[in-house]
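Q: If you scroll down you'll find the structure; I have some questions about it.
The values are calculated or read from the model by the stated rules, or taken from the named source; none is laboratory data. Keep in mind that what you see is a predicted model, and the values were worked out from it rather than measured. Heavy atoms of the whole protein, side chains included, go into the accessibility calculation; ligands, DNA and RNA do not. Shrake-Rupley method; radii C 1.70, N 1.55, O 1.52, S 1.80 Å.
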Amino acid sequence: MGGVLASAVFAVSVVAIPLIIDRHASAAQAMGTSVNAVLRNIPAMMVWSASILVLTIIGYAPLLAGLLVVAPLLVTHVACL
């Protein structure tokens, strides 16, 4: 169930946040565009979400201390959009 929820949140927010910040789109437009982008680019989005998952797991491994290194990488990863 958690994977389904995480997939839905990823699909709605992967492109929405940059669109709202950079292009001043409305929330509804940004979420619709994000879902459309995910549906049109499923293989790329699977790789992208898997890389976020792997980096997060690596960050959790050393008692959350790894997030000091991984969190900036994740932020940069999202900012590359």
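Q: Enter the accessible area per residue of the chain (Å², integer; probe 1.4 Å; all protein chains in place).
A: Value for the chain: 70 Å² per residue.
Q: What part of the accessible area of the chain, given as a whole %, is carbon or sulfur when the probe is 1.4 angstrom? Don't jump to the answer; show the numbers that get you there.
A: On the way: 4370 of 5690 Å².
Using a 1.4 Å probe with all protein chains present, the chain comes out at 77 percent carbon and sulfur.
Q: Run the numbers for residue 26 and residue 8: contour at 0.36 nm per residue of separation, minus the present Cα-Cα distance, in nm.
A: Details: separation 18, 0.36 × 18 = 6.48 nm, distance 1.90 nm.
Length gained between residue 26 and residue 8: 4.6 nm.
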